[in-house]
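Below is one structure, written out as structure tokens, with a few remarks after it.
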């Protein structure tokens with residue numbers, strides 16, 4: 001007797017949850033000083049100060065990108081408001097960091113000619129900073145090379161607006177094997193950015209300490225500091241509705257992934273591809289069904305079950321094979337991508 005066994009393999013692509021290496025969400029009491037606060041994760045000790053201390057804000061900052069994706073936030077925030085220069089330091093627990101992504105929320109309320117920003121140190125040596133510099137009264141966010149005493153403006157930034165600042169430190173990523181830091185301002189959260197708004201290079205940007213400072217008590221609102229090994233780790237978010245702004249059948253998010261302009265319709269190109277799939281090395285539904293290669297391809301209609309029909313045939317002379325039994329079974333398929341195969345077991 002022959003046993004008929006149906007085997008169904010479901011292959012599901014499940015992204016692994018991302019976890020940042022370092023996090024500070026400023027989950028402290030409002031109006032408390034930042035010095036001695038010890039929350040967050042990935043730090044070796046509490047916040048310290050040199051000069052005055054920043055304070056915990058009455059509320060936190062938030063950020064939603066151009067596609068409606070909202071950054072995950074918690075706690076409150078901090079500000080450099082004070083009567084004197086505020087400088088708060090904190091050191092990570094993992095030692096010197098390189099080849100990392102860094103993100104934080106940055107909100108400059110008004111114009112002045114004072115330094116407000118975030119600096120990165122190796123021990124007591126200042127390496128690079130992202131800030132509003134003391135020589136610029138505009139809202140431009142500047143990436144500074146403290147080692148070389150040079151600045152690179154991102155040409156982005158607005159007073160009274162919360163910006164998401166993302167930095168990418170790459171060891172050996174610069175000219176001649178130097179380290180490189182790239183700055184991205186207000187990127188789309190669902191897509192790793194590739195076109196930097198500013199970049200700097202130096203022989204060694206490995207850091208272990210950060211400093212948040214406001215010169216002469218100048219105010220900068222700061223929140224949601226993260227360090228991770230990938231862009232996704234430092235931009236956890238809740239997906240937005242992802243609209244199709246140009247009405248071409250591709251959502252804005254899909255167009256961003258493909259490097260297209262979500263405000264310019266690609267309907268004509270899409271129609272041309274659909275009408276001439278062979279020009280692009282693609283398959284139509286008819287050509288897919290022609291790929292059986294000696295087997296059988298069963299198409300599924302919508303979400304309907306696929307009907308499998310088997311004939312058990314019998315012969316007494318190995319020439320004539322009348323049907324002994326017909327077996328038909330509808331098989332509902334799982335949602336998502338799946339691979340199915342049929343095996344025959346013969347004991």
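The values are calculated or read from the model by the stated rules, or taken from the named source; none is laboratory data. If you're wondering where the values come from, they're calculated on a predicted model, not measured in any experiment. Note that we place each Cβ from the backbone using ideal geometry, even for glycine, and neighbour counts take in every protein chain shown.
Which is touching a residue at least 60 places away in the same chain (Cβ under 8 Å) and surrounded by 20 or more Cβ atoms within 10 Å (Cβ to Cβ), of 257, 234? Every option except 234 fails the conditions.
Here residue 120 meets each of (1) out of contact with any helix residue (DSSP H, G or I) (no Cβ under 9 Å at 6 or more places or on another chain); (2) surrounded by 18 or more Cβ atoms within 10 Å (Cβ to Cβ); (3) within 17 Å of residue 221 (Cβ to Cβ); (4) at pLDDT 95 or above with one exception, condition (3). Looking across segment 123-143 at every residue that is assigned to a strand (DSSP E or B) and more than 22 Å from the chain's Cα centre (by Cα), the one that is surrounded by the most Cβ atoms within 10 Å (Cβ to Cβ) is identified as 132.
Evaluation of residue 93 against the conditions (1) under 28 Å from residue 179 (Cβ atoms); (2) under 25 Å from the mean Cα position of the chain (by Cα); (3) buried (at least 21 other Cβ atoms within 10 Å of the Cβ) shows that the sole unmet condition is (3). Residues in segment 174-190 that are within 16 Å of residue 230 (Cα to Cα) and not in a loop (DSSP other than H, G, I, E, B): 180, 181, 182, 183, 184.
Inspection of segment 58-75 finds a residue satisfying the criterion of being over 24 Å from the mean Cα position of the chain (by Cα) and either assigned by TED's automatic domain parsing to the domain that holds residue 251 or on the phi < 0 side of the Ramachandran plot (or both). Within segment 144-162, at least one residue is within 23 Å of the chain's Cα centre (by Cα) and either closer than 26 Å to residue 36 by Cα or in contact (Cβ under 8 Å) with a residue 60 or more places away in the chain (or both).
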